[in-house]
Amino acid sequence: MPAPLRWDTNGLTWDSGSTWDEQQSNNRKSKLMNTKAVTYFGDYTEASLSPVSRAIHTALTANAATFGTLPVTLVALDALIDDYDTKLAAKADKSKSSTVAFRVARENLEEALNKLGNHVNNVAEGDPVIVTESGFPSYNTNHTPDENPPAAPTNVRLSYGKVTGTLVVRYKTDRSPSMNEIQLCTGDPMNEAAWQGVGFFQGGRAQLSDLTAGAIVWVRIRTLGLKNTVSDWSDPAQIRMV
């Protein structure tokens, strides 16, 4: 008796009940659903942990409906970040008491970020879009996490927003998803002290507001990487506000 006809070498028969595109769809899904939020923050320096935490707080606030009931409330996270910043500043006196207090504040903040990161991973189930919405740094589980500094963003373009005093910033990064820090300058761009932080933004677009008409605004961007790495600043771009 001749062998029955088969779909392919996996042995699926014509009447197996599988659909023609089942194997392709499953493979495609498995390749896409492989992004994880970073849950360990012990490698971040004292100066960088707070900005990353605030970027996460901002993103989780903006996308609260996606993540449901959080294991650490956003109010509690905000308080932990404030406490961390206060204890970090106090540690400058190098006293034993302030050093211990800072260590406790850092441990509390890292623990909260760990719980939130695990929650994000449970909700996202590897979906890169959902992980990006959380604001957490992330990595691809199909590859060894790239701990090298990212490349600097390129192709920075500035355009006017729909509302007076707003500015739309577009740029390209070499990582997706990405979290990016933006700074602006209304003075001498060669003077580092003239640059001011605006915030942290996901992807390749951001909108800035409350800018003064007639002012010349310079903008630069850098990308956050894993384990406290950051890219170089992009070449600055300028525009005169109207």
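Against the definition (more than 15 Å from the chain's Cα centre (by Cα) and in contact (Cβ under 8 Å) with a residue 12 or more places away in the chain), how does Asp93 come out, yes or no? Full working, then the answer.
On the way: more than 15 Å from the chain's Cα centre (by Cα): yes; in contact (Cβ under 8 Å) with a residue 12 or more places away in the chain: no.
So Asp93 fails the test.
Please find, among Val156, Val163, Val100, Val169, the residue that is more than 30 Å from Ala79 (Cα to Cα) and either exposed (fewer than 15 other Cβ atoms within 10 Å of the Cβ) or free of Cβ contacts under 8 Å to residues at least 12 places away in the same chain (or both). Steps first, answer last, please.
On the way: Val156 fails: either exposed (fewer than 15 other Cβ atoms within 10 Å of the Cβ) or free of Cβ contacts under 8 Å to residues at least 12 places away in the same chain (or both); Val100 fails: more than 30 Å from Ala79 (Cα to Cα); Val169 fails: either exposed (fewer than 15 other Cβ atoms within 10 Å of the Cβ) or free of Cβ contacts under 8 Å to residues at least 12 places away in the same chain (or both).
That would be Val163, the only listed residue that is more than 30 Å from Ala79 (Cα to Cα) and either exposed (fewer than 15 other Cβ atoms within 10 Å of the Cβ) or free of Cβ contacts under 8 Å to residues at least 12 places away in the same chain (or both).
Could you name every one of the helices (runs of 4 or more DSSP H) located completely within segment 1-73 that has at least 2 residues being modelled with pLDDT under 90, more than 21 Å from the chain's Cα centre (by Cα) and exposed (fewer than 12 other Cβ atoms within 10 Å of the Cβ)? I'd like the intermediate steps shown before the answer.
Numbers: elements: 22-32, 46-62, 64-67.
Qualifying helices (runs of 4 or more DSSP H): 22-32.
Return yes or no: is Leu88 part of a helix (DSSP H, G or I), of a type outside the set (D, E, K, R) and either at pLDDT 95 or above or more than 16 Å from Val129 (Cα to Cα) (or both)? Break it down stepwise before answering.
On the way: part of a helix (DSSP H, G or I): yes; of a type outside the set (D, E, K, R): yes; either at pLDDT 95 or above or more than 16 Å from Val129 (Cα to Cα) (or both): yes.
Taking the combined requirement at face value, the residue satisfies it.
Taking the conditions exactly as written (of a type in the set (Ser, Thr, Tyr) and farther than 20 Å from Glu46 by Cβ), does Ser98 satisfy them or not?
Numbers: of a type in the set (Ser, Thr, Tyr): yes; farther than 20 Å from Glu46 by Cβ: no.
The answer is no for Ser98.
Across segment 127-144, what is the number of residues that are more than 15 Å from the chain's Cα centre (by Cα) and touching a residue at least 24 places away in the same chain (Cβ under 8 Å)? Show your work before the answer.
Initially, segment 127-144 is screened for residues more than 15 Å from the chain's Cα centre (by Cα), giving 141-144.
Add one more test, that the residue is touching a residue at least 24 places away in the same chain (Cβ under 8 Å), and what stays is 141-142.
Final tally of qualifying residues: 2.
The values are calculated or read from the model by the stated rules, or taken from the named source; none is laboratory data. Please read these numbers as outputs of a predicted model, since none were measured by experiment. All Cβ positions, glycine included, derive from the backbone under ideal geometry; neighbour counts span all protein chains shown.
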